[in-house]
Ligand code: MN
């Protein structure tokens, strides 16, 4: 976990420097408070998944650019990157972003009766959702699409989108994100 927060802090500092942005300007760009950004950079706080998504989206970079590089060929169970846990949603990066494939692949668990919306990603970003356990709904623009186990949905993620689980059991899905 310490290693992960070091990597997040270093990546944020590097991005901010590259764009020549103050903490204030970064806060405006990402929608994350200046105090929180400062804590993350100093390694005093490790961001929640939704905060990290806001930062990645604000800087137009992949989510996993903040994570430690994993084995490129095989990700073994138990050796996955441990994200800060979240009661509603657990994100397990299986293949962090790679330039050669322009993809990042996650397993995401969403608790019963939980809902998350995501900010639009850059133009050209496509998400592929495949449900592997339970059932859930995916929001694309203004419509929710119901998916059961083994069903998939591919959509333009440069629009407002989200995930919700109205059922009484946990749902698990793959999220394959393709960047242009
Ligand atoms: Mn998304």
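The values are calculated or read from the model by the stated rules, or taken from the named source; none is laboratory data. A quick note: this is a predicted structure, and the numbers were derived from the prediction, not measured. As a convention, Cβ positions derive from the backbone with ideal geometry for all residues, glycine included, and neighbour counts pool all protein chains shown.
Observations
- Whether a residue is part of a helix (DSSP H, G or I) and either closer than 25 Å to residue 176 by Cα or touching a residue at least 40 places away in the same chain (Cβ under 8 Å) (or both) was assessed, and residue 40 does not pass this test.
- Here residue 94 meets each of (1) part of a strand (DSSP E or B); (2) under 13 Å from the mean Cα position of the chain (by Cα); (3) within 11 Å of the ligand (Cβ to nearest atom) with one exception, condition (3).
- The listed residue being within 30 Å of residue 149 (Cβ to Cβ), assigned to a loop (DSSP other than H, G, I, E, B) and modelled with pLDDT of 85 or more, out of 70, 112: 112
- Of all the listed residues (169, 146), the sole one being farther than 22 Å from residue 66 by Cα, touching a strand residue (DSSP E or B) at 6+ places or on another chain (Cβ under 9 Å) and either within 13 Å of the ligand (Cβ to nearest atom) or part of a strand (DSSP E or B) (or both) is 146.
- Note on the stretch 103-132: among residues that are more than 15 Å from the ligand (Cβ to nearest atom) and surrounded by 14 or more Cβ atoms within 10 Å (Cβ to Cβ), the one that is farthest from residue 54 (Cα to Cα) is 131.
- Hits in the stretch 152-166 (condition: over 17 Å from the mean Cα position of the chain (by Cα) and surrounded by 15 or more Cβ atoms within 10 Å (Cβ to Cβ)): 153, 165
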